[in-house]
Each structure stands twice: as structure tokens, then as C-alpha cells.
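Undergrad: Please see the structure below; I have some questions.
The values are calculated or read from the model by the stated rules, or taken from the named source; none is laboratory data. Given the structure is predicted, the values throughout are model-derived calculations rather than measurements. Every residue, glycine among them, receives a Cβ derived from its backbone with ideal geometry; neighbour counts consider all protein chains shown. Side chains included, ligands, DNA and RNA excluded: accessible areas come from the protein's heavy atoms. Shrake-Rupley method; radii C 1.70, N 1.55, O 1.52, S 1.80 Å.
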Amino acid sequence: EAKQSGRNTYRFFEPAMHASAMRHLQVRQALQQAIDEQQFRLHFQPKYRGASKELTGLEALLRWTHPQLGEMAPTEFIPIAERSGQILCIGDWVLQAVCEQIARWDAAGMKPVKVALNLSPLQMRTDLVARIVELVGAAGIAPQRLMFEITETAAMKDVERSQRVIGELQALGFDIAIDDFGTGYSSLAYLAQFHCRQIKIDRFFTSRLDGDDHSGRAIVAAIIALAHALQMEVVAEGVETEGQLRELQLLHCDQVQGFLLGRPAEAPSVPGLVQASNDDLFGAAAGASAVL
Ligand code: C2E
Ligand code: MG
Ligand code: MG
Ligand code: MG
């Protein structure tokens with residue numbers, strides 16, 4: 001019996017799988033020390049008003065440099081941390097680090113700018129709302145300073161729970177964005193029940209805006225039109241070319257984010273970004289109404 005299953009296990013354990021399993025294990029073990037040894041940092045990527053390039057907010061993105069393994073990509077280690085449950089500890093670090101960073105910027109006299117952070121679906125299964133309230137209170141910042149990005153796939157995983165958590169956060173004054181929209185095959189009309197402020201169109205669709213394939217533009221136009229009809233503002237992710245930006249402006253996309261406009265950068269460069277932008281940093285709501 002044991003011999004039988006042992007043989008089956010061996011048969012499917014190809015060398016490539018072995019290497020990837022070893023890597024997973026290595027990353028998981030390394031993550032264990034990452035928080036204690038302060039290997040995490042945050043970078044901040046600007047979001048701009050589509051029409052004017054005026055700064056509308058920042059997105060906090062996790063960065064991890066391991067002393068031996070080097071710079072680790074979130075696309076590699078976040079899924080591993082999600083499978084192991086370590087994302088709960090990491091997500092809590094991100095929350096606290098963002099709140100403290102905002103407080104430091106305030107103390108330094110920087111103009112207030114809204115900061116978005118990414119939430120893992122696992123965090124929604126904890127006493128997340130109470131923890132957020134606690135950290136925001138400890139840092140002495142207003143809920144209006146934070147936005148939470150939840151991927152479409154995560155929001156749809158447990159609709160009832162998502163609706164409850166999103167509703168509670170919005171009632172407290174926090175903003176919610178649906179991230180990576182278009183990758184999860186759910187309809188925007190269905191997502192409208194969450195009453196989120198923003199949807200972020202996945203980079204995949206942005207990248208198809210200036211190609212030969214005209215269906216890319218039609219898809220983005222349809223998403224923007226429907227989002228606006230549902231009173232949501234639209235952010236296009238991953239804008240890399242002037243051509244994409246021009247198309248998004250023609251389509252009345254409210255906000256844009258991408259390497260063309262600004263790469264994720266470390267905290268000390270943020271005051272300069274803010275300084276260089278126009279006064280109206282809390283104009284995100286005005287962005288939607290200007291289009292409607
Ligand atoms: P996301 O939330 O959709 O973040 C956007 C990703 O696209 C970021 O990758 C960003 O660096 C990248 N990006 C921005 N503009 C461009 C562009 O013009 N071109 C290209 N090619 N890429 C662009 P990053 O930082 O590697 O993060 C990847 C994903 O990891 C994020 O996707 C998010 O899902 C997750 N993640 C990052 N930080 C956190 C975190 O603190 N908590 C959680 N739960 N997930 C996080
Ligand atoms: Mg995001
Ligand atoms: Mg995204
Ligand atoms: Mg993404």
C-alpha cells in the first residue's frame with residue numbers, strides 16, 4: 001500500500017517540479033525571517049488623473065530583498081505566502097508600515113495624498129476591520145487617507161464576506177478599489193453590488209490599446225462606459241506608452257498608472273512627486289463627476 005503510493009508520488013515528481021517545490025520551500029522558510037529581520041520595504045507608485053497628469057494618489061507595493069536570494073518579486077513570493085498563511089503577518093506589517101509612513105509624511109508637512117494598499121483574500125477572513133481601525137487610530141490618521149485594493153478574483157471568492165468587509169470599511173470612510181479587473185471573468189454589473197469607488201483595469205487590457213488588434217480598444221471602452229454608468233471611477237494599470245495614454249484620454253479614463261508616468265519608488269522620493277503635482281490631491285471624486 002505504502003509502496004504503491006510511494007511509487008505514484010515518484011512518478012509525478014518530475015525534475016522541474018522538484019526544482020519548483022524546492023524553491024517554494026526555500027522562499028517559505030526565508031519569509032519566516034523576513035519580518036523579524038526587517039527585510040521588507042514599501043515602494044509607492046503614483047496614480048494620475050487621466051486628463052491632466054495631476055497626482056491623485058499612491059499605491060504601496062511590497063518589496064523584499066533577501067540577504068542571499070536577492071531581490072524577490074511579489075508575483076513570486078505573495079502567492080507562496082498566501083498558500084502558507086504567512087500573508088497574514090506580512091499584510092499586517094504592510095498595513096502598519098503604510099499608516100506610519102503617512103503619519104511621518106504628515107509630520108514633515110507634506111501635502112496629504114491618499115495611499116492605496118493591496119489586501120489578500122486571507123486577510124478578509126480575520127478581524128481585519130478592527131485591526132485597521134486600531135492601526136489608523138494609533139498612527140493618528142483619518143480613514144480618508146487610505147484606500148484598499150482587492151482583486152476581482154478575491155472579492156468574488158466569497159461574495160457575502162467581501163460585501164460585508166467592503167461595506168464596513170466604506171462606512172468607516174475608507175475607499176475600496178477592485179484590482180486587476182478583467183482577469184477574473186466576473187461581470188462588472190455583478191461587481192457593482194460592492195459599491196466600490198474604483199475599478200482598476202488590468203494591465204493586460206491596457207497593453208492591447210495601441211496594438212493592431214482593435215478589439216482591445218473596444219473592450220476598454222466598454223468597461224469604462226459601464227463603470228461610469230455604475231458611478232465608479234476607472235484606473236488603467238500598466239500604462240507604458242504615449243499611445244496607450246492618448247487612447248485612455250480619448251476614452252475618458254479617470255486615472256492612469258504605469259511606468260510611463262511613474263515607476264514604484266521609495267518613500268524619500270514621494271515628497272518631490274507630490275510637490276511637483278497640482279494642489280487638488282483629494283480630487284479623486286471630482287475626477288468621476290467631471291466625466292459623468
Ligand atoms: P497589483 O496590485 O496589480 O500592482 C501592480 C503591479 O504592476 C506592480 O507589480 C507594479 O510594479 C506593476 N506595474 C506598474 N506599472 C507597470 C507598467 O507600466 N508595466 C508593467 N509591466 N508593470 C507595471 P509588483 O509590485 O511586482 O506587484 C505585483 C502584485 O503583487 C501586485 O499587483 C499585487 O497583487 C501583489 N502585491 C504587491 N504588494 C502587495 C502587498 O503589500 N500585499 C498584497 N497582498 N499583495 C501585494
Ligand atoms: Mg494593486
Ligand atoms: Mg492590479
Ligand atoms: Mg496585478
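Undergrad: Can you pull out every residue in segment 248-268 that is polar (S, T, N, Q) and more than 20 Å from residue 211 (Cα to Cα)?
TA: Answer for segment 248-268, where residues must be polar (S, T, N, Q) and more than 20 Å from residue 211 (Cα to Cα): just 255.
Undergrad: Under the condition of being in contact with a Ser or Thr (Cβ under 7 Å, 6 or more places away or on another chain) and in a helix (DSSP H, G or I), which residue from segment 155-179 is nearest to residue 96 (Cα to Cα)?
TA: Result: 155.
Undergrad: Residue 198 passes all but one of (1) open to solvent by less than 40 Å² (accessible area, probe 1.4 Å); (2) under 19 Å from residue 100 (Cα atoms); which number fails?
TA: Status for residue 198: all satisfied but (2).
Undergrad: So, in segment 102-140, of the ones that are in a loop (DSSP other than H, G, I, E, B) and within 16 Å of ligand 1 (Cβ to nearest atom), which residue ends up most open to solvent (accessible area, probe 1.4 Å)?
TA: Across segment 102-140, the extreme among qualifying residues is 126.
Undergrad: Right, something else. Give segment 93-103 a look and list any residue that's closer than 22 Å to residue 37 by Cβ and either in contact (Cβ under 8 Å) with a residue 60 or more places away in the chain or in contact with a helix residue (DSSP H, G or I) (Cβ under 7 Å, 6 or more places away or on another chain) (or both), or say none.
TA: 95, 96, 99, 100, 101
Undergrad: Against the condition open to solvent by 10 Å² or more (accessible area, probe 1.4 Å) and within 16 Å of ligand 2 (Cβ to nearest atom), how does residue 258 come out, does it pass?
TA: no
Undergrad: What is the residue count in segment 155-178 for residues that are within 16 Å of ligand 4 (Cβ to nearest atom) and open to solvent by 10 Å² or more (accessible area, probe 1.4 Å)?
TA: 2
Undergrad: Let me ask something else about it. Pairs, please: C-beta under 7 Å, at least 6 apart or cross-chain, first residue open to solvent by less than 20 Å² (accessible area, probe 1.4 Å) and in segment 68-90, second within 16 Å of ligand 2 (Cβ to nearest atom) and not in a helix (DSSP H, G or I)?
TA: 87/120
Undergrad: With the requirement that a residue be closer than 25 Å to residue 48 by Cβ and either assigned to a helix (DSSP H, G or I) or open to solvent by less than 20 Å² (accessible area, probe 1.4 Å) (or both), what does segment 201-217 give you? Before the answer, list the steps.
TA: Going through segment 201-217, the residues closer than 25 Å to residue 48 by Cβ turn out to be 201-211, 216-217.
Hits for segment 201-217 are 201, 203, 204, 205, 206, 207, 209, 216, 217.
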